[in-house]
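Working notes for the structure below.
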């Protein structure tokens, strides 16, 4: 494989790919994202390939990155007509291939039913989950083979790099990113162009770039999906940034828990190096940039930029105070620019399409799109890309399909364990940096966990507090001991041992930890507690003052009881009780001994007669 | 030289000073625990927090919002507006001291420090309190003063603790006792140094020898001992 001698060679390659035989042959794309892989998409892919071969058909089968609609995986889409098949099993291969080649109808079970009409939807673009999205960064995730540089180049890949290198000065690139209004997608929302400029202005020849791919929020997997599905776009963003900032070396700091993303990223780096898109004298322009992968070892705090840099340097992943900021003294004391995967991936789009195109989406202060991983008590879990400024209601109901089992929406935790919850009365709040901040939440890295009426908000807050407490590095006292004190208080409240004054103590701890902790982990750790206290204070009071858990979740505050009028005495619950807490004879109403009962809920879940009540 | 404002007073300090150094140089008291003048600032205990506000940009007279920052690690910058004893600062220090006591409520030294900041009660206690407040002084002294790094902080969060590498005795330990001397809560004892926390396997010949030598050492914890005196004491004790 020869290196591309100049930008014209890249354009020629792209033209050749577009003109090549079979570039537009019918194709089935199979989602190879982690969710669909867990559902068995690799076997589905093999079965489709086998069926295509058996029929001697000119049908390509391609594994792509995450399509996003994880709830309905494994996902298969035909191209060019974009027929969508959901929950495909290997044994469905014959039916799907016949549908594509012969135009035969497929069984409804392979189609996504319209939530309103119940009728099967044929085309991907008609599915409400996709229809209301605005996919910029994720646009190619469903069509590219992530291991094929040809695919990326054929889709216009690296043209933005060529444009930057030939038509724009570094200052012009920064001006473009500034004008686009891109803000750091790692959570803090700092203007990306201003950050780049600060680093560029620093004296010295040695500057570093870092791609922060240490995605660690519970339930968040958008960085992972971008790197798994379209690693070259992250590379291209880094290359453009390196050119703008004047860096010759970059690092991708990625969690070792993401083996597929690591594999795809490493493959992309090797491919780009082989074609002269990475390394010395890129595209013959004299610009050079090298990129290395560094693996994280499972510490959440290493997503914090100073801890991350310590980890790259080979030291313990602990944060250090800022200032000095990384732009002044970062990796090995040199000026360093660090951005999140999503920020880097947005850069080629901005350079290729222009700042105005990107800034046309969003609100006056928050431009472009955000990617959310939507999980929890919601019908359509998955990856969602939307313009900033859409309302939480649109995100949860139009795209997310609302709450399962006809339950009521209660709150959405935005921004993972560093974020806050937003209650139902603020569902129409636009999702942008300022509006969420005003409600005590943050945009964060884009994790969105939905809670329904059966969720206890004290327990919800306790869960996130437990996460951050376990992930505290332990360097500073407010975070190490303070989060433990908050967690212990929450655990007491959930166990029914809350005391008057606990709420005030939590507030005092929360405010102090936020203000006095060393790094972002501690400074945001109290947010889930503070925001639930702000919006769901009554639930805390019910736990503490009235010894009740309104959502009937906290085990220390509930009892399971048999409704004698409904119990048929079938003995199913009795047999399933792991601790022998249920007594009673056949065809006689049973009783549960609260002293023995562990509140596991098994009796309720096995009872067919709705005869077990929680009080 | 850099000009900044501390508690409404304009002061001038040399370039490269931290806020803590500036405060102490100009007579503004700031409590510390993990700070030691002979060691690099660490920023862990958060007792030295002060309120820091950036100067307003030119043409904008409105004061900028203040944030809490550890004075020991914050570099002096021109025009900073610093408050060393505001209500927010006091509240933060009180709660931090109380949290320090959660793991060291049997330490008279920690109680004295906390009381001086206005703490009267401890609302939260760690069941496994062993009086180590993980300030890292011993570890940093071993690294920066003695130069051997025989001990380090291992694990994270509540499990963080002082230990020789891999929790096995390390040959790097000189047995100088600096770690014992610098410990603010007196949690490091001779038996620790000759045993678990030390580089010398308990029962080894040199360990016994070391114990005999060091038994004459002054074991009272030194809150902010002068490094010279500390080193001299260590030398005296070990004959190094």
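The numbers here are math on the coordinates, done by the rules we state, and not lab data. Just so it is clear, the model here is predicted, and its values are computed rather than measured. Please note: Cβ atoms are built from the backbone with ideal geometry, for glycine as well, and neighbour counts cover all protein chains shown.
Coordinate range of the alpha-carbon atoms in segment A:118-175 per principal axis, descending: 54, 28, 13 Å. Mind pulling the angle between the C-alpha long axis of helix A:457-471 and the longest principal axis of chain A? Nearest 10 degrees, somewhere in 0 to 90. The angle comes out near 50 degrees.
Just the number: Rg to Rh for segment A:199-246, Cα atoms, Kirkwood Rh, two decimals. Mind showing how you got there, number by number?
Working: Rg = 13.6 Å, Rh = 12.4 Å.
In segment A:199-246, Rg relative to Rh is 1.09.
Annotation: for a label point projected 7 angstrom from Cα along Cα→Cβ of residue B:64, residues of segment A:324-340 with backbone N closer than 14 Å are A:324-325. Report the normalised scattering of segment A:278-356 as log10 I(q)/I(0) at q = 0.24, 0.27 Å⁻¹, calculated by the Debye formula with identical scatterers on the alpha carbons. The Cα Debye sum returns log10 ratios of -1.16, -1.24.
The share of alpha-carbon pairs in segment A:473-519 lying farther apart than 18 Å comes to 29%. The Cα atoms of segment A:149-359 cover 42, 37, 33 Å along the three principal axes, with the biggest extent listed first. Most simply put, the protein assembly as shown has about 65% antiparallel DSSP beta bridges, counting only bridges with both residues inside it.
Taking other Cβ atoms within 10 Å as a rough exposure proxy, A:126, A:610, A:92 sort from fewest to most as A:610, A:126, A:92.
Where does chain A land at 222 nm, in deg cm²/dmol rounded to the nearest 500, when only DSSP H runs of n ≥ 4 count, each adding -39500 (n - 2.57), divided by all residues? It would help to have the intermediate numbers written out before the result.
Details: 24 runs with 228 residues, N = 615.
After summing the helix terms and dividing by the residues of chain A, the value is -10500 deg cm²/dmol.
Separation of segment B:100-133 from segment B:10-78 is 26 Å, based on Cα centroids. If you find the alpha carbon centre of segment A:12-27 and of segment A:169-233, how far apart are they in angstrom? Between the Cα centre of segment A:12-27 and that of segment A:169-233, the gap is 32 Å.
Quick one: compute the contact order of segment A:369-455, relative version, from alpha carbon pairs under 8 angstrom and 6+ residues apart, as a percent.
Numbers: 184 pairs, mean separation 30.7, N = 87.
Value for segment A:369-455: 35 percent.
Modelled this way, with points 7 Å down the Cα-to-C-beta line, the labels at residue A:534 and residue A:508 are 2.2 nm from one another. Would you mind getting me the FRET efficiency between residue A:19 and residue A:179? Use the beta-carbon distance for r and R0 = 35 Å, nearest 0.05. Computed FRET efficiency for residue A:19 and residue A:179 comes out at 0.50.
Considering only DSSP beta bridges with both partners in segment A:165-317, what is the antiparallel share in %, to the nearest 5?
Values: 3 of 16 bridges.
Given both bridge residues lie in segment A:165-317, the antiparallel proportion sits at roughly 20 percent.
For segment B:106-148, the extents of the C-alpha atoms along the principal axes are 39, 25, 13 Å, listed from largest to smallest. A crude spin-label estimate for the pair residue A:313 and residue B:86, with each label 7 Å from Cα along the Cβ direction, gives 3.1 nm. With distances taken between every two different alpha-carbon atoms, segment A:559-614 has a Kirkwood hydrodynamic radius of 10.7 Å. Each eigenvalue of the Cα gyration tensor of segment A:514-615, multiplied by 5 and square-rooted, gives one semi-axis; in descending order these are 39, 14, 11 Å.
Thinking of segment A:369-455 as a set of Cα atoms, what percent of all their pairs are more than 18 Å apart? Percentage above 18 Å: 30. Would you work out the relative contact order for segment A:505-586, in percent, from Cα pairs under 8 angstrom that are 6 or more residues apart? Here the relative contact order equals 14 percent.
Tell me, Kirkwood radius of segment B:12-67 from alpha-carbon pair distances, in Å?
Numbers: mean 1/r = 0.0757 Å⁻¹.
In segment B:12-67 this quantity evaluates to 13.2 Å.
From the Kirkwood radius over Cα pairs of the protein assembly as shown, Stokes-Einstein at 25 °C and 0.890 mPa s returns a whole-number translational diffusion coefficient of 82 µm²/s.
Take the Cα radius of gyration of segment B:69-165 and divide it by 2.2 N^0.38 Å, N being the number of residues; the result is 1.29.
Each of B:158, A:486 was scored by other Cβ atoms within 10 Å of its Cβ. Listed from fewest to most, they are B:158, A:486.
Helix A:93-102 and the long axis of chain A differ in direction by around 50°, with both axes built from C-alpha atoms.
Shown is the FRET efficiency for residue A:3 and residue A:586, computed with R0 = 60 Å from the Cβ-Cβ distance and rounded to the nearest 0.05: 0.15.
Here the gap between residue A:46 and residue A:163, fully extended at 0.36 nm per residue and compared with their Cα-Cα distance, gives a gain of 38.2 nm. Only Cα sites of segment A:245-300 enter the Debye sum here, all with the same form factor; the resulting log10 I(q)/I(0) across q = 0.16, 0.17, 0.26 1/Å is -0.54, -0.59, -1.00, listed in q order.
Most exposed first by the Cβ proxy, i.e. fewest other Cβ within 10 Å, how do B:134, A:61, A:341, B:81 rank?
Details: B:134 24, A:61 21, A:341 32, B:81 18.
The most exposed by this proxy come first: B:81, A:61, B:134, A:341.
Based on the Stokes-Einstein relation at 25 °C and a viscosity of 0.890 mPa s, and on the Kirkwood radius from alpha carbon pairs, segment A:100-244 is assigned a translational diffusion coefficient of 133 µm²/s. Run the paramagnetic zone check for residue A:604: 7 angstrom along Cα to Cβ, then residues of segment A:552-590 with backbone nitrogen under 17 Å. Backbone N within reach: A:552-564, A:566-567, A:573-574, A:576-579, A:581-582.
Kirkwood Rh over Cα pairs of segment A:441-590 into Stokes-Einstein at 20 °C, 1.002 mPa s: D in µm²/s? Please list the in-between numbers first.
Numbers: Rh = 17.3 Å.
In µm²/s, the coefficient is 124.
Taking only C-alpha pairs under 8 Å that are 6+ residues apart, what is the relative contact order of segment A:232-350 in percent? It comes to 28 percent, rounded to a whole number.
The simple spin-label model puts a point 7 Å past each Cα toward its Cβ; for residue A:281 and residue B:10 those points are separated by 5.9 nm.
Calculated from the alpha-carbon coordinates, segment A:63-121 shows an Rg and a Dmax of 11.3, 31 Å respectively. Can you tell me the orientation of helix A:259-274 relative to chain A, as the angle in degrees between its alpha-carbon axis and the longest Cα principal axis, to the nearest 10? Helix A:259-274 sits roughly 0 degrees off the main axis of chain A. Peptide A:313-322 has a mean of 3 when you count, residue by residue, the C-beta atoms of other protein chains within 10 Å of its C-beta.
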